[in-house]
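Sharing a structure, written as structure tokens. Questions coming.
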Amino acid sequence: MHRLVPILLLACLGAACAERAAEPAAEADRPASPELARLVDEYFDAAFEYAPTRATEAGIHDYDGRIEDLSAAAFEARAERLHHFLESLEALDPATFSFDDRIDAQMIENDIRSQLLDIEVIETWKNPMLYAGMPGYAIGSLIKRDFAPASERLASVASRLEGVPAVYEAARLNLANPPKEFTDLAIRMSGGSAGYFEGTVAEWAREAAGSDRALLERFTAANEKAVSATRSFHRWLQDDLLPRSNGRFAIGAEAFARKLAWDEMIEAPLDLVLARGEARLARDYDALVEVARKIDPDSSPREVLARLESEHPSAEELVPAVRRTVDLARRFVEERGIATIPSPVPPRVEETPPYARAGGFASMDTPGPFETNATEAYYYVTPVEEEWSPEHKEEHLSLFNPWVVAMINVHEAYPGHYLQFLYAPRFPTKTRKLLYCGTNVEGWAHYSEQMMVDEGFGGDDPRYRLAQLQEALLRDVRYVAGIRLHTQGWTVEQAAKLFEEKAFQQPANAYEEARRGAYNPTYLYYTLGKLDILDLRDEYMKRKGASLREFHDAFVAQGGLPIPLIRQILFREES
């Protein structure tokens, strides 16, 4: 299943979207359309059949014994099926839709068009990272949560492992000339996967099998073949694909604009979108300089930040150090009445699995909205890699100084992603449980950083504000770099320089951030989402006479919709 990826609607689309989705108050109580309900069920059934690992992550376990078919024929068939769904959706009469139906229909249409753009135009299935990461994700989704008896899950693990060689064979057939940046990351991802299968997966399997020797033997045979295939694929990436990885990563202005339209519902001209990001970058840069001057007027901002970054945990203490501090953010949210936390169960802080180390530093992995048995949620922290130089290791660890870690805890856990996804089972419709956009999900988490410091998180210590602004600058540069990388001919090296100069990133971290922009072109959704949530918050609190907590609870309860659709829902009785 595709994830409705990030970005927001600026004012011009707000009007267009309101025109399409708004309805007279008399129609607000209209019954749901049975025709749309049937289409939604068929759509997600087909989505899970196409992407069984996504089904497992969502808490749908009818496909646990299958792994993705990544052959060119499968992508062609998927595109054909998407065109059929689009025709079926367009054939329905919107006049029969309820208010919620209109919201869902818009989300389904956006998702269809986004996937067609990815498959037919951008051709994201020609990125080697997809094939390098898929086996680990497919297996990891089965063993990390106790949604069924271990022996039952082990049978599914064995079945998926038996399909791993076909994933790599599809890669060999589909990949001809990818960008070097993609292949470099695929090599990193696949390099750790063999050890993951041999170590973590095999250890879990021995315990899961219990006394069932036949099941363990089946697993062992499948795992040995998967390990062998993974090592072979890793060598192929290094020796064969990398030397001929000379492709361009830029998707071009037209595809970029269409991606913004379907992923994020943004239809503003790219020059205006870029201007908005540049203005925010300049504002946050000046604010950071001013805070650094208050901390030490005799040192440059970079020198002040360097002193903060020097206070970081060792490689061995990295995960334990983060684990010890997460509860500080939760307590502040509860004590200050920032938002309602639906569950007292905290996320588990663990190392990012090898197959998921695609250049990020931290992430949140929560149970799917339809998961009824497993409650484990993982806050992943990316460790240093053994093969990195001492300088690279030091620069990576410097990001995890206490003040930036506090902001990461806010972003990933409280009241960021973990809180947001705790609400997922409560979202009112199936579509809103399963689709989301980045300007909402990532925009909310990024908004939370600024909001928490504004509300007093960190007390009077200006280093928390400095860290919040450094995190803001990081997202601001992503905004600008993504557009320039994909529409203005920028190289990863040029973008990395911007991260160093304007976001005060260490060289190794700057390069990781810039390279992410090569495969995640619209990662401007963090800043765009934050800005629009700030605007929506001010309007909601003024018009409703609401408290900050009331706005936050109302916002996260709606699902990961684009902000203009959230706005329509929040003001429905006044639309």
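The values are calculated or read from the model by the stated rules, or taken from the named source; none is laboratory data. What you are looking at is a predicted structure, and each value in this text was computed from that prediction instead of being measured. Using ideal geometry, Cβ is built from the backbone for each residue, glycine included, and neighbour counts are taken over all protein chains shown. The area values use the complete protein model at the heavy-atom level, side chains included, leaving out ligands, DNA and RNA. Shrake-Rupley method; radii C 1.70, N 1.55, O 1.52, S 1.80 Å.
Give me the pairs: first residue in region 318-343 and farther than 15 Å from D553 by Cα, second residue open to solvent by 40 Å² or more (accessible area, probe 1.4 Å), beta-carbon distance under 6 Å, and six or more apart or on different chains, which are they?
Once the first residue is farther than 15 Å from D553 by Cα and sits in region 318-343, its partners that are open to solvent by 40 Å² or more (accessible area, probe 1.4 Å) give V319/E351.
Separate question: So is G482 touching a residue at least 40 places away in the same chain (Cβ under 8 Å) and outside any helix (DSSP H, G or I) or not?
In short, no.
Among what's in region 105-127 and is farther than 16 Å from W262 by Cβ and not in a loop (DSSP other than H, G, I, E, B), pick the residue that is nearest to the chain's Cα centre (by Cα).
Going through the qualifying residues, I end up with W125.
If only one of A37, A47, A77 is of a type outside the set (S, T, Y), open to solvent by less than 10 Å² (accessible area, probe 1.4 Å) and modelled with pLDDT of 95 or more, which one is it?
Only one candidate qualifies: A47.
Further question on the same structure: So, in region 509-545, of the ones that are hydrophobic (A, V, I, L, M, F, W, C) and more than 22 Å from H411 (Cα to Cα), which residue ends up surrounded by the most Cβ atoms within 10 Å (Cβ to Cβ)?
A518
Let me ask something else. Out of S389, S398, report the one residue that is of a type in the set (S, T, Y) and touching a residue at least 60 places away in the same chain (Cβ under 8 Å).
S398
Next question. Among the residues of region 346-360, is there at least one that is of a type in the set (A, V, I, L, M) and either over 18 Å from the mean Cα position of the chain (by Cα) or farther than 28 Å from F421 by Cβ (or both)?
no
Among the residues of region 227-241, which ones are surrounded by fewer than 19 Cβ atoms within 10 Å (Cβ to Cβ) and small (G, A, S)?
Hits for region 227-241 are S228, S232.
Name the strands (runs of 3 or more DSSP E) wholly within region 338-430 that hold at least 3 residues that are of a type in the set (S, T, Y)?
378-381
Inspect region 98-121 for any residue being open to solvent by less than 20 Å² (accessible area, probe 1.4 Å) and under 30 Å from V201 (Cα atoms) and give the result as yes or no.
Checked against the condition, which is being open to solvent by less than 20 Å² (accessible area, probe 1.4 Å) and under 30 Å from V201 (Cα atoms), region 98-121 yields no hits at all.
The conditions are (1) of a type in the set (K, R); (2) free of Cβ contacts under 8 Å to residues at least 40 places away in the same chain; (3) more than 20 Å from D461 (Cα to Cα), and R280 fails exactly one of them. Which is it?
(2)
Only one of these is within 28 Å of N520 (Cα to Cα), touching a Leu at 6+ places or on another chain (Cβ under 9 Å) and open to solvent by 60 Å² or more (accessible area, probe 1.4 Å): R248, R280, R258, R244. Name it.
Just a single option satisfies the conditions, and that option is R258.
Those residues that are without any contact (Cβ under 8 Å) to a residue 60 or more places away in the chain, part of a helix (DSSP H, G or I) and closer than 20 Å to K393 by Cβ, I need them from region 487-534; list them, please.
Result: A496, F499, E500, A510, Y511, A514.
May I pose another question? Look at region 262-277 and say how many of its residues are touching a residue at least 60 places away in the same chain (Cβ under 8 Å), surrounded by fewer than 21 Cβ atoms within 10 Å (Cβ to Cβ) and among the hydrophobic types (A, V, I, L, M, F, W, C).
Going through region 262-277 one residue at a time, the tally reaches 4.
For region 190-198, indicate whether the set of residues that are within 29 Å of the chain's Cα centre (by Cα) and farther than 21 Å from E162 by Cβ is non-empty.
Yes: one or more hits.
What number of residues in region 370-404 are within 29 Å of A557 (Cβ to Cβ), more than 16 Å from the chain's Cα centre (by Cα) and open to solvent by 10 Å² or more (accessible area, probe 1.4 Å)?
Number satisfying all stated conditions: 6.
Looking at region 50-74, which of the residues that are among the aliphatic types (A, V, I, L, M) and more than 22 Å from the chain's Cα centre (by Cα) is least open to solvent (accessible area, probe 1.4 Å)?
Looking at the filtered set, the residue picked out is A74.
Can I ask one more? Please work out which one of (1) open to solvent by 10 Å² or more (accessible area, probe 1.4 Å); (2) touching a residue at least 40 places away in the same chain (Cβ under 8 Å) is the condition V201 fails and give its number.
(1)
Kindly indicate whether A194 is free of Cβ contacts under 8 Å to residues at least 60 places away in the same chain, farther than 22 Å from A51 by Cα and open to solvent by less than 20 Å² (accessible area, probe 1.4 Å).
For A194, the condition - free of Cβ contacts under 8 Å to residues at least 60 places away in the same chain, farther than 22 Å from A51 by Cα and open to solvent by less than 20 Å² (accessible area, probe 1.4 Å) - is met.
If you go through region 95-122 one residue at a time, how many are under 13 Å from E35 (Cα atoms), touching a residue at least 60 places away in the same chain (Cβ under 8 Å) and of a type outside the set (S, T, Y)?
5
If you don't mind, another one. Of the residues A362, A424, only one is in contact with an Asp or Glu (Cβ under 6 Å, 6 or more places away or on another chain) and of a type in the set (A, V, I, L, M); which?
Residue meeting the stated conditions: A362.
Could you check how many residues of region 411-460 are within 16 Å of the chain's Cα centre (by Cα) and among the β-branched types (V, I, T)?
2
Let me ask another. So which of P390, P344, P369, P320 is more than 15 Å from G140 (Cα to Cα) and touching a Lys or Arg at 6+ places or on another chain (Cβ under 8 Å)?
The unique qualifying residue is P369.
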